């Protein structure tokens, strides 16, 4: 009986520490969720004389994936993006973040290009508008152009089936 | 003596900042505002550094952003809003005082109160309850008092 209170205190402490250990401090909730996707007007990687804006995707569900040729963990998620592209279910826009055109193009040739289109954010300003801090990041944007979900860090195996495809399915069912 | 020099130099190193960019300010107040802001904004890549301390690419970009906004005549609040709109409250090293952050601010006071209350409760429990002396004890006490210490 004498030891019951210390034991209880210890259990409470242990539970809190366990929760703390399992939290990911890199996972910062994005204030962009349920807000309109920040505007951009950027040159297209493949055809730099043409520009693309977020408004061009009005009425469509699309993903914005932030990537760069210098980003090591982008390689980790790349096969999954290729797999997603094969399924042809969603527009996948690449935001080529703080990269150089030749390097970016070479990277896509080497690893394959899953993107419907990639735009170049050479000085990282669009990245700041999207609150990018850990490339790769993936945003799910609905038909009204509202950000509905953000994934920070590489897409992990299973995330497509468990997270992204259900989101896409749900948003496709919504009326614009 | 040499040790002292080394120590002083080592301590001075600690003060070094990463922002090595040359910034031109028209007014000293602007420069002051810039220095204050960059030492209050968190670098989200390194998390435990301000954007003034960090050499990360993102920190450089955010310093540039702060500088440009100041040049455009934006106020401190404009810049803070710009950053929190994009990166959330976490970008501020010192979190804003609001309902969501109350526990963070009042937590230490709360723990102090809990601690004091615990001490108080434990103390009041352990006070010795006074029992009247028995007849023999009283007699002994009186004899001691009569004779003094040397008994």
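Tabulated results
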quantity: Residue check, residue A:131 within 11 Å of chain B (Cβ to nearest Cβ), assigned to a helix (DSSP H, G or I) and within 14 Å of the chain's Cα centre (by Cα); calculated: no
quantity: Out of B:96, B:18, B:52, sole residue that is surrounded by 18 or more Cβ atoms within 10 Å (Cβ to Cβ), modelled with pLDDT under 85 and closer than 28 Å to residue A:126 by Cβ; calculated: B:18
quantity: Residue pairs meeting the criteria (Cβ under 6 Å; at least 6 apart or on separate chains; first farther than 26 Å from residue A:28 by Cβ, in segment B:22-49; second modelled with pLDDT under 90 and assigned to a loop (DSSP other than H, G, I, E, B)); calculated: B:31/B:25
quantity: Residue match in segment B:122-134 (condition: within 14 Å of chain A (Cβ to nearest Cβ) and either modelled with pLDDT under 90 or under 28 Å from residue A:147 (Cβ atoms) (or both)); calculated: yes
quantity: Selection within segment A:1-47 - away from every other protein chain (no Cβ under 14 Å), modelled with pLDDT under 85 and closer than 25 Å to residue A:143 by Cβ; calculated: none
quantity: When residues of segment A:115-128 are limited to those that are on the phi < 0 side of the Ramachandran plot and in a loop (DSSP other than H, G, I, E, B), the one surrounded by the most Cβ atoms within 10 Å (Cβ to Cβ); calculated: A:115
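The values are calculated or read from the model by the stated rules, or taken from the named source; none is laboratory data. In this text the structure is predicted, and so the values were computed from the model without any measurement. Cβ: placed from backbone, ideal geometry, glycine included. Neighbour counts: every protein chain shown.
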